[in-house]
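This report refers to the structure that appears directly beneath it.
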């Protein structure tokens, strides 16, 4: 495995600056617009990683039509064959893991260790999806009459529009495309405009794995010229979207008019309730890891600590000690555990929230500074921030910051803690740290959240359903067996004999 800083930098020096195309019907095609746009390295903001197509509606139409045509044959490919293609794709992800990690870290900014982990997770989820191809189940039920057999079967719904965000540019696309293929659907994929580079490599690997032409298509470009016509296309039968709650709501309104199903993974404002513990350092490690992985730029990041007042200062100091161990820097630098934010615009947004917290009367206990001297001047870096004295009514307690900002709210009781945890428009993931089994069960029962974690952070598993409630999600949960509710439709059969 390549681990030295110079080797990733050298790899970038010989691989950046190329021009890329869309992948439609099994071929690489220029956008009909003839225009491209540059994607920059967030750690070296002057470095152009590549030039990508500024696609438009005509490109989308061609891709959807290719996917629709391919669906006719792909939906009839046997489940074992679809499964084997996906297994081969998983193998190729692992074989190309280092190159994918370099590309991922370069376009998104996360530390190399995180990028390698993301590629590994994508391979694991793909293998689970490959198994799901063999587990598409129906039911045989007793008939009302003795000569009538009653049963149900599931079948693929058709062309899927897969729209991914910029924070996990490998695992999120795979999380949408792999199960679609497992269930017999075809895909038109739109990556985030900020992170399309790894998507190009993914298309190459799908083709190498044996995915037939037109089954997976890639169209790169902005939301208005690519996303909107993709969501509105009459041949698209399902929309899997991960991103902001505002955009997800808009997509759902559009889809509802056509009675098209949606799978929406949206924002989060995830609480960690801390009632009691034996080891404050271990709790602090769990929370810090969950809060600042991916520079806090993930929907499942812990952003609110709700702790009893007698434990608040001890826990706050323990978290500060863990935060001091975070090494901020470019992804390739040895020992770096937190990379730059994805863009200057996003860095400015997070910095504004730090100022909002101070203005609201919260106390900035650690961090929050923008790093802009020396090598830091080349990228979009900041020191992760910790506030205490935070009230539930404050904006930093209510709004999704999507960055490395953590808030501590002190409460009097378990009841108050649970109420504070639910005092949010979001409901994606939630953690509780306690030695009391009854408290853990009460929390699991009362918390308004799609996923609940007891005595650990908000990491999810590759075979478990993933999703949220309230403003955090809509439609079938992804990853696990619940995917069948989105990618397949049910048909009821009656046979008289």
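Miscellaneous remarks
- Any hit, the stretch 143-153, residues being modelled with pLDDT of 95 or more and closer than 25 Å to residue 262 by Cα: yes
- Taken over the stretch 2-27, the criterion of being part of a loop (DSSP other than H, G, I, E, B) and either modelled with pLDDT of 95 or more or closer than 25 Å to residue 221 by Cα (or both) is satisfied by 16, 17, 20, 21, 25, 26.
- The listed residue being surrounded by fewer than 21 Cβ atoms within 10 Å (Cβ to Cβ) and over 27 Å from residue 107 (Cβ atoms), out of 408, 469: 469
- Qualifying residue in the stretch 437-445 (condition: touching a strand residue (DSSP E or B) at 6+ places or on another chain (Cβ under 9 Å) and at pLDDT below 95): no
- Test: residue in the stretch 335-346 that is surrounded by 15 or more Cβ atoms within 10 Å (Cβ to Cβ) and more than 26 Å from residue 193 (Cβ to Cβ): yes
- Leading residue by the ranking (nearest to the chain's Cα centre (by Cα)) among those in the stretch 110-141 that are part of a helix (DSSP H, G or I) and either outside the structural domain of residue 478 (by TED's automatic domain parsing) or closer than 18 Å to residue 335 by Cα (or both): 118
- Matching entry among 66, 43 (being surrounded by 19 or more Cβ atoms within 10 Å (Cβ to Cβ), more than 20 Å from residue 166 (Cα to Cα) and within 27 Å of the chain's Cα centre (by Cα)): 66
The values are calculated or read from the model by the stated rules, or taken from the named source; none is laboratory data. What you see is a predicted model, and the numbers here were worked out from it, not measured in a lab. Please note: Cβ atoms are built from the backbone with ideal geometry, for glycine as well, and neighbour counts cover all protein chains shown.
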